Amino acid sequence: MTEKEKSKNVEVNVTIDGMDINTDENAAGTSHLNEPVPEESLIDTLEAEVKEQKDKYLRLMAEFDNFRRRTAKERLELMQTAGKDVIISLLEVLDDCDRAEKQLNTSDDIALQKEGVQLVFNKLRAALQAKGVKAMESINTDFDVEKHEAITEIPAPPGMEGKVIDEVEKGYYLNDKLVRFAKVVVGK
């Protein structure tokens, strides 16, 4: 072999992290070259994962806090304006009440006044019924603690025991949900 050929086949052994690596381009690689190159250490990987999870957690908490504030604000606004449409519908009835009061002060015709007041009552009932308010029918029905509040008991004729004899205050449903118990007199 000539000196030139020898210089081409120079074998260089380099040690990296305690591994002996053959750098001769013409020689077959050693088993060290077939081993995977060590990646980041396990600690670095776990630290990166913890950091990523912590970031996700903080973002999620901030998002939840914003959601909680937003829903609380929306709920407050809803509660403040929940009765708005009912109030608007009752304003017409209030206008009629004002007109009826003015008519009561200027007219002496009792029949006409009675008719006007009855019209106002009917309009009020219709406005409430349009919003889902329905009066409970209690008289001559069985007393039910789920719907009635007994004010007193009075002696009743046979067959009327445990039944509602009189209604002191009507009960009401709003969209088929009980909103006020009926105050009743029960037969015993």
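Computed quantities for the displayed model
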{"quantity": "Within the accessible area of region 39-188 (1.4 Å probe), percent carbon and sulfur", "calculated": "57"}
{"quantity": "Spin-label pair PHE121/LEU178, simplified geometry with 7 Å Cα→Cβ offset, distance in nm", "calculated": "2.7"}
{"quantity": "Net length gained if the chain between LYS131 and ALA150 were fully extended (0.36 nm per residue, minus Cα distance)", "calculated": "4.0 nm"}
{"quantity": "Whole-Å semi-axes of region 57-188's equivalent ellipsoid (Cα gyration tensor)", "calculated": "40, 31, 10"}
{"quantity": "Given LYS102/LYS123; LYS84/LYS114; LYS131/LYS163; LYS73/LYS123; LYS84/LYS177; LYS114/LYS170, the pairs whose alpha carbons are separated by over 26 Å", "calculated": "LYS84/LYS114; LYS131/LYS163; LYS73/LYS123"}
{"quantity": "Net charge over other residues, Cβ less than 13 angstrom from the Cβ of LYS170 (K, R count +1; D, E count -1)", "calculated": "0"}
{"quantity": "Charge context of THR81, other residues only, Cβ under 12 angstrom, K/R +1, D/E -1", "calculated": "-1"}
{"quantity": "Radius of gyration, Dmax [region 34-133; alpha carbons; angstrom]", "calculated": "33.6, 115"}
{"quantity": "Summed residue charge, Cβ within 12 Å of LYS56's Cβ, Lys/Arg positive, Asp/Glu negative", "calculated": "-1"}
{"quantity": "Probe 1.4 Å, protein heavy atoms only - accessible area per residue of region 51-188 in square angstrom", "calculated": "79"}
{"quantity": "Student exercise, region 50-130 dipole from Lys, Arg, Asp, Glu Cβ charges, in Debye to nearest 20", "calculated": "880"}
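The values are calculated or read from the model by the stated rules, or taken from the named source; none is laboratory data. Please read these numbers as outputs of a predicted model, since none were measured by experiment. Glycine gets a Cβ as well: all are built from the backbone with ideal geometry, and neighbour counts include every protein chain shown. Calculation scope for accessible area: heavy atoms of the full protein, side chains included, ligands and nucleic acids excluded. Shrake-Rupley method; radii C 1.70, N 1.55, O 1.52, S 1.80 Å.
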